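Report on the following structure.
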Amino acid sequence: MSSVRFATIDGERPLRGVVVGAGFLGPFWVRELLASGDTELAGWVDVDPVRLARRTAELKLDGLARGSDLDAMLAAERPDFVVNVTAPEAHRDVTLTALAHGAAVLSEKPLATSMDAAREMVAAADAAQRLLMVSQNRRYMPTLIAYRGAVAGLGTLASLTCDFYIAHRAHADGFVRKIEEPLLLDMAIHLFDAARFITRAEPVSVYCESYSPPWDWFAGPSAANAIFRMTGDVRLAFNGSWCADGFQTSWTGRWRAVGEHGSATWDGEGPPRVEPGPGVDLPRVASVRRPRPVRDRFEGLVGALAEFVTALRTGRVPQSEAHDNLRSLGMCHAAVESARSQAPVTVAARVPWP
C-alpha cells in the first residue's frame, strides 16, 4: 500500500534483530538471521528458559544474549527489529512491546488472534512509524510465482479453486489442537493469502460451513468449505480438511483456475500446467522447479527476511505489510463468522481498502 510510511535505516551495517519464541519455528528464524549477511542476531527471548537454553545449546550459541524478559532484552540490546515467532495468542503483546521500544517487527502468521487486536497492532505501528510485516512464506515459492503468471495469461478470470487435504496430527499439547477453528484460524490464511496473490483480487464476501468429521482429533472443526466473492466478480472456492488421510494434497494445496482463454492447474509443489480453449495460444509457462529442501531451513523464510530488510533500507512497502495482510486475516475471521451464523458475511467491511 503506497500510503504506508515507516522509518528506514541508513548505513551498510547489518541490521540487528532479536528473535522472540523458541518453539518449532524459532530455531529456523535464528538460522536465517545468522546466515544472512544483512542481519545480525542480537538476542533470543522465550517464556520458557529451559527450552531456550536447550535451543541455544543445540545451535552452539552459548554466548548469545538470551532471557525471558522481552522488555529487558530490548532495553539492553536496542535492536533494529524483532522477529515475532511466538504462539498466536502472544503476538499482540510481543509486537506492541517491540514497537514501543522503537523496533520494526517481522511476525509469523497470523498477525493476531482477532481483528480488533490486529487493527490495534497496525495502528501502533503507524503511530510509532515502524514497519510491521507478516511472513507469508508461500509468496516466495518459485512455483507459486509461476502459477500466478500462468493464471494471468488466462485473460478474464472466472474462478479459482483450492483443495487442501492433510492429516495433521499435531502435538496433543500444541495450541492448534485446542483452538476453536483450527483450520480456518491457523492454516487457511496461507491458502487465502495465496489466492489473493494469484488472482490479484480482493475479498468481498464469503459463505462458509465448517464441521468436525466423526474422527476429528482437534478440539474445534478441522474441515471447511467456503465460497468467496472477490473483486472482478471472481469466485474462490476453498475445500479443506486437517483430518484427511489418503490422497493428501501438498501443504500449499491443489489449485485450478478457469479463465476466458483456458485453465491452469497447480499441485502446490511442481510447475504449473495450462490448457487453452479452442484456437487459443496461451503464453508459455515459465520453466521453474521447486528448490530442493535444505536441512535445517524452512521454505520461504529467506525471501521474507530479505524483503523485510530491503524495506527497512529503502522504504519500499513489502508484500504482506500489515495493512495489506489484514485482508487475508479478514478472510479467515469472516469465514468463521459465516460458519457460525450460517449466512454470507461481508469481508470488505472488516478491513481497510485503499
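Quick check: convex hull over the Cα atoms of region 82-226, volume per residue in Å³, rounded to an integer?
Taking the convex hull of the Cα positions in region 82-226, it is 142 Å³ per residue.
For region 26-100, what does the accessible surface come to per residue with a 1.4 Å probe? Please give it in Å². Intermediate results must be reported in sequence, preceding the final value.
Details: 3410 Å² over 75 residues.
Counting only protein heavy atoms, the per-residue value for region 26-100 is 45 Å².
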(request) Would you mind classifying region 9-82 by shape? Square roots of the alpha carbon gyration tensor eigenvalues, ordered a ≥ b ≥ c; an a/c under 1.5 is rounded, otherwise it is prolate if a/b is larger than b/c and oblate if not. (result) oblate
(message) Using +1 at the C-beta of Lys and Arg and -1 at the C-beta of Asp and Glu, which of PRO293, MET115, ALA7 has the Cα lying farthest in the positive direction of the dipole of the chain?
(response) PRO293
(message) From the C-alpha coordinates alone, can you work out the Kirkwood hydrodynamic radius of region 275-349, in Å?
(response) 17.0 Å
(request) Would you kindly find the accessible area of TYR140, with a 1.4 Å probe and non-protein molecules such as ligands, DNA and RNA excluded, rounding to the nearest 10 Å²? (result) 50 Å²
(request) Pick out which of SER287, SER212, SER250 has the largest mean-square fluctuation in a Gaussian network model of the chain, springs linking Cα atoms closer than 10 Å. (result) SER287
(request) Let me have the relative contact order for region 74-176, percent, based on Cα pairs under 8 Å that are six or more residues apart. (result) 21 percent
(request) Report the net charge of residues surrounding ALA146, where surrounding means a beta-carbon distance below 12 angstrom and charges are Lys +1, Arg +1, Asp -1, Glu -1. (result) +4
(message) Taking all protein chains in place and a 1.4 Å probe, what share, in percent, of the accessible surface of region 162-292 do carbon and sulfur account for?
(response) 51 percent
(message) Taking the Cα centroid of region 272-339 and of region 193-213, what is the distance between the two, rounded to the nearest whole Å?
(response) 15 Å
(message) If I take the Cα coordinates of the chain and project them onto the principal axes, what are the three extents in Å, biggest first?
(response) 64, 47, 40
(message) If Rh is defined by the Kirkwood formula over all Cα pairs and Rg also comes from Cα, what ratio Rg/Rh do you get for region 234-301?
(response) 1.04
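Average the reciprocal distances over every distinct pair of alpha-carbons in region 19-135, invert the result, and give the Kirkwood radius in Å. Write down the numbers at each step before the final one.
Numbers: mean 1/r = 0.0706 Å⁻¹.
It works out to 14.2 Å.
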(message) If you consider only alpha-carbon coordinates, what radius of gyration and Dmax does region 188-227 have, in Å?
(response) 12.8, 37
(request) For HIS101, tell me the accessible area in Å² from a 1.4 Å probe, rounded to the nearest 10. (result) 80 Å²
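Packing-wise, with mean Cβ within 10 Å as the measure, how do 65-77, 10-22 rank, highest first?
Details: 65-77: 15.9, 10-22: 19.2.
Highest-to-lowest ranking by the protection proxy: 10-22, 65-77.
Using only C-alpha positions, report the orientation-averaged shadow area of the convex hull of region 153-281, nm², one decimal.
Numbers: hull surface 34.0 nm².
Over every viewing direction, the Cα hull of region 153-281 projects on average to 8.5 nm².
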(message) Suppose we keep just the alpha-carbon trace of region 60-125; what are its Rg and Dmax in angstrom?
(response) 12.3, 40
(request) Please give, to one decimal in nm, the separation of the simple spin-label points placed at ASP126 and THR314, each 7 Å out from Cα toward the Cβ. (result) 2.5 nm
(request) Using a Gaussian network model of the chain whose springs link C-alpha atoms within less than 10 Å, name the residue from VAL30, VAL134, VAL50 with the highest mean-square fluctuation. (result) VAL50
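When only DSSP loop residues count, what chymotrypsin sites (Phe, Trp or Tyr not before Pro) in region 238-288 have their Cβ near at most 14 other Cβ atoms within 10 Å? Mind dumping the intermediate values first?
Values: sites: PHE238, TRP242, PHE247, TRP251, TRP255, TRP266; in loops: TRP242, PHE247, TRP251.
Those that pass, being in a loop and sparsely packed, are PHE247.
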(message) With a cut-off of 8 Å between alpha carbons and a minimum separation of six or more residues, what is the relative contact order of the chain in percent?
(response) 20 percent
(message) Using the Cα atoms of region 77-167, I'd like the radius of gyration and the largest Cα-Cα distance, Dmax, both in angstrom.
(response) 17.1, 52
(message) Report the Cα centroid-to-centroid distance between region 222-246 and region 1-80 in angstrom, as an integer.
(response) 36 Å
(request) Please find, in a Gaussian network model of the chain (springs between Cα atoms separated by less than 10 Å), the residue of ASP126, ASP296, ASP80 whose mean-square fluctuation is greatest. (result) ASP296
(request) Could you bin all the Cα-Cα distances of region 209-354 into 5 Å bins starting at 0 and give me the percent of pairs in each, rounded to whole numbers? (result) 2, 7, 11, 13, 16, 19, 17, 11, 4, 1, 0
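The values are calculated or read from the model by the stated rules, or taken from the named source; none is laboratory data. From a predicted model like this one, the values you see are computed outputs, not experimental measurements. Using ideal geometry, Cβ is built from the backbone for each residue, glycine included, and neighbour counts are taken over all protein chains shown. Ligands, DNA and RNA are stripped out before the accessible areas are found, and what is left, the full protein with its side chains, is counted by its heavy atoms. Shrake-Rupley method; radii C 1.70, N 1.55, O 1.52, S 1.80 Å.
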